[in-house]
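Just passing along the structure, written as structure tokens.
The values are calculated or read from the model by the stated rules, or taken from the named source; none is laboratory data. For clarity, every value in this text was computed on a predicted model and none was experimentally measured. As a convention, Cβ positions derive from the backbone with ideal geometry for all residues, glycine included, and neighbour counts pool all protein chains shown.
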Ligand code: F0G
């Protein structure tokens, strides 16, 4: 928009609305008790503002809904597949495109083909399903983030970067033949939704080339990453986001995508690769578990919506609004005295519960306590990324996670500024009486991905 206005408006108007779930505090206390203090067990219509995830929760555009009507539902060779394949090729430059129903299906298929026991995958940070799929193949997953990524208080422009020296050292230690791939997650969801710089991508790519190790991108949030490069890295300010995205892809040999984020759809994903040998084996696995390679577990209409979303997401008016709205929430929380991971990420603000609730020890689950209080007080749902998700028990000893965070992930094109103002107001209220919040105790949890189904209860007074 021209002029120098301070307010960045939502670059859309609303055509279809969906009512929100208003409840009373007393009702929510009962709902929390019934859910055993696990926010995943709360029915969504009892949630007022849902910041649980930005995955599959966005609003599609009128053009995407129109594309849905063009969906060709033929089993093999559907027209919609070729529309989708062209959109992915135009964006990524990779030769082979395999649709899948969501990101973790791409991970499972690729890891099943490329990994086996004795191998190690290196990444800036593996997202938790990526790690789980690497480990399910028998291989190990090692994260090599830059050291500043773990210092939540100090802002930096590219805290999603990989530690290139550590990468070289690890390759020499393990031997390049034992590393089937290096993964760069754009943006780095596990450590605050922070972007990766083009410079880092280039350096990692050079190291990989030197040792002949394929570099694979996890591009769930590629457009947010590209736009942060435009805003923060020198030499990119005048280049279109779409061109920056294409340059990002050019440094790697393939990518996996959960289209539920930056393809602006509610379901979908893909694998795009250059290596014909990997592709042939991935295609076999795809037919076995997802579907024929021209639909991959999706409907033709889903492919059309993804193709349209992949183009729309690179609109700079949209990206300006998107990053600004997350930053706006971050500024409001900071003003309310709530410590957050600095700077706010592309898709979410991460509250540092360790610092916000210092009186609650890791085995009292400070992040989960905050998540439950957000719901109890105002019907806001967020996700803990801390000791409930990553803490372990070994023998009788509790090993806490390195961080205690609560992620406020913002669905795309769903909430307006007043929704965000309300969330900020609720945080200011909680900040005033944060010392009165009490620990939770873990009653039951399964051995893997425990946070989805764990049962908790408040510590008795
Ligand atoms: N990679 C990243 C970086 C992700 O954030 C996710 C999902 C996946 C892969 C897996 O994709 O869900 O389509 O199977 N992240 C969601 C989240 C679940 O809430 O952050 P999926």
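Going residue by residue through region 314-334, is there one that turns out to be within 16 Å of the ligand (Cβ to nearest atom) and not assigned by TED's automatic domain parsing to the domain that holds residue 95?
Yes, because at least one residue in region 314-334 is within 16 Å of the ligand (Cβ to nearest atom) and not assigned by TED's automatic domain parsing to the domain that holds residue 95.
I would also like to ask the following. Would it be correct to say that residue 264 is in contact (Cβ under 8 Å) with a residue 40 or more places away in the chain, outside the structural domain of residue 120 (by TED's automatic domain parsing) and out of contact with any strand residue (DSSP E or B) (no Cβ under 7 Å at 6 or more places or on another chain)?
Judged against the criteria, residue 264 is not a match.
Please verify whether region 194-201 includes one or more residues that are closer than 30 Å to residue 52 by Cβ, in a loop (DSSP other than H, G, I, E, B) and away from the ligand (no atom under 15 Å from the Cβ).
The answer is yes; a qualifying residue exists.
For region 261-281, how many residues meet the condition of being within 16 Å of the ligand (Cβ to nearest atom) and surrounded by fewer than 24 Cβ atoms within 10 Å (Cβ to Cβ)?
Matching residues across region 261-281 total 2.
If residue 28 satisfies every condition in (1) under 30 Å from residue 241 (Cβ atoms); (2) more than 16 Å from the ligand (Cβ to nearest atom) but one, which is the exception?
With respect to (1) under 30 Å from residue 241 (Cβ atoms); (2) more than 16 Å from the ligand (Cβ to nearest atom), residue 28 is out only on (1).
Let me ask something else. Cβ-Cβ distance below 6 Å, separation of 6 or more or different chains: which pairs start in region 295-322 with a residue that is at positive phi and touching a residue at least 60 places away in the same chain (Cβ under 8 Å) and end on one that is assigned to a helix (DSSP H, G or I) and surrounded by fewer than 24 Cβ atoms within 10 Å (Cβ to Cβ)?
Listed pairs, sorted by first residue: 296/286.
While we're on this one: Would you check if residue 53 is part of a loop (DSSP other than H, G, I, E, B), surrounded by 15 or more Cβ atoms within 10 Å (Cβ to Cβ) and out of contact with any helix residue (DSSP H, G or I) (no Cβ under 9 Å at 6 or more places or on another chain)?
In short, yes.
Could you check region 6-45 and list, in sequence order, the residues that are under 25 Å from the mean Cα position of the chain (by Cα) and buried (at least 18 other Cβ atoms within 10 Å of the Cβ)?
Scanning region 6-45 gives 35, 37, 38, 39, 42.
When only residues in region 215-246 that are part of a loop (DSSP other than H, G, I, E, B) and more than 27 Å from residue 179 (Cα to Cα) count, which is farthest from the ligand (Cβ to nearest atom)?
238
Please find, among 257, 184, the residue that is closer than 25 Å to residue 413 by Cβ and within 16 Å of the ligand (Cβ to nearest atom).
257
While we're looking at this one, here's another question. Residues in region 354-366: is at least one within 16 Å of the ligand (Cβ to nearest atom) and touching a strand residue (DSSP E or B) at 6+ places or on another chain (Cβ under 9 Å)?
Checked region 354-366: no residue is within 16 Å of the ligand (Cβ to nearest atom) and touching a strand residue (DSSP E or B) at 6+ places or on another chain (Cβ under 9 Å).
Quick one: residue 374 ticks every box in (1) touching a strand residue (DSSP E or B) at 6+ places or on another chain (Cβ under 6 Å); (2) outside any loop (DSSP other than H, G, I, E, B); (3) over 30 Å from residue 317 (Cβ atoms); (4) touching a residue at least 60 places away in the same chain (Cβ under 8 Å) except a single one, so which number is it?
Going through (1) touching a strand residue (DSSP E or B) at 6+ places or on another chain (Cβ under 6 Å); (2) outside any loop (DSSP other than H, G, I, E, B); (3) over 30 Å from residue 317 (Cβ atoms); (4) touching a residue at least 60 places away in the same chain (Cβ under 8 Å) one by one, residue 374 breaks only (4).
For region 105-128, which residues satisfy the criterion of being within 21 Å of residue 388 (Cβ to Cβ) and buried (at least 19 other Cβ atoms within 10 Å of the Cβ)?
Scanning region 105-128 gives 125, 126, 127.
Moving on to the next point. With a cut-off of at least 1 residues that are touching a residue at least 60 places away in the same chain (Cβ under 8 Å) and within 13 Å of the ligand (Cβ to nearest atom), name the strands (runs of 3 or more DSSP E) lying wholly within region 74-163.
Passing ranges, in order: 96-100, 120-123.
Does residue 393 count as in the same structural domain as residue 40 (by TED's automatic domain parsing), over 18 Å from residue 356 (Cβ atoms) and modelled with pLDDT under 95?
Yes.
Continuing with this model, one more query. Could you look through region 336-355, keep only residues that are in a helix (DSSP H, G or I) and surrounded by fewer than 24 Cβ atoms within 10 Å (Cβ to Cβ), and pick out the one that is farthest from the chain's Cα centre (by Cα)?
355
A follow-up question, please. Exactly one condition in (1) closer than 25 Å to residue 28 by Cα; (2) out of contact with any helix residue (DSSP H, G or I) (no Cβ under 8 Å at 6 or more places or on another chain) is not met by residue 334; state its number.
Just one mismatch for residue 334, condition (1).
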